[in-house]
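Beneath this line is the structure, given in structure tokens, with notes to follow.
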Amino acid sequence: MSAILAVCGENFCAMASDGRMVEEPAIPGKPNILTEELPKLRKVNRNVCVGFAGDTLAAVQAVNALDEYNVQYLTFEKILKILSERMRQIQTLPLGVRFLVGGRGRKGGFQMATFSTDNDCQPDIRPAQPGAYLIEGACAHTEVGPLLEEHLRTGAENWRSLDDVAASMDACLKAIAARDETANDKVFRQLVY
């Protein structure tokens, strides 16, 4: 269920998700759609955004664990630790969950982390580099690598504004929705800069 995309540069992190939630296991050809309006991302505070794909109910439980803290003071590193530790405690459906976390780290630089239930929620953290973009995506039922390549990575050299980044992310989400009936083309966005 769901699709999530993230682009992180040296001075911003942008995330976009679709809005569809289906009952799992999804029935090919006619998934039971529960809602078309569920963003799978959250701006935790002015420094960090979180997004997920997969078992929505399990992921939301982990994200809601952040509310046990005063989120305005949570760092990128602490948010990542809370989410990964909480996900290890939550029972998930077989499709699992993949998280994307992006924003400013303790030292002020932008970075992105990914983790999933497939790798025991061990975060892979990468710092943004000058003149380059970190690009990630996830979808529960579709391989997004070729779509990221087509809609984001190959066009990145032509991005001149955040509107250009958003347009590329929108096109990628629409392409995912055209191939995967567990995703729709309703776009939700968050930005940290």
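A short reminder: the numbers here are calculations on the coordinates, not readings from a lab. Not measured: the values here are computed from a predicted model. Methodologically, a virtual Cβ is constructed for each residue, glycine included, from the backbone with ideal geometry; neighbour enumeration extends over all protein chains shown.
Output the pairs from LYS40/LYS174; LYS81/LYS186; LYS43/LYS174 with a Cα-Cα distance over 19 Å in this structure; if there are none, say none.
In this structure, LYS81/LYS186; LYS43/LYS174 lie more than 19 Å apart at Cα.
Please list, ordered by chain and number, the residues whose modelled amide H lies under 5 Å from the amide H of VAL22; skip anything fewer than 5 residues away on the same chain.
Distant-sequence amide H within range of VAL22: LEU34.
How much length, in nm to one decimal, is gained on full extension between LYS107 and ARG179, taken as 0.36 nm per residue of separation minus their Cα-Cα distance?
21.9 nm
Rounded to the nearest Å, what's the spacing between the alpha carbon centres of the stretch 157-182 and the stretch 58-93? Just the number, please.
Result: 27 Å between the Cα centres.
How much FRET efficiency would the formula 1/(1 + (r/R0)^6) give for GLN89 and THR35, where r is the Cβ-Cβ distance and R0 is 25 Å, rounded to 0.05?
Computed FRET efficiency for GLN89 and THR35: 0.45.
Taking only DSSP H segments of four or more residues, each worth -39500 (n - 2.57), what value at 222 nm results for the chain once the sum is divided by all its residues, to the nearest 500 deg cm²/dmol?
-7000 deg cm²/dmol
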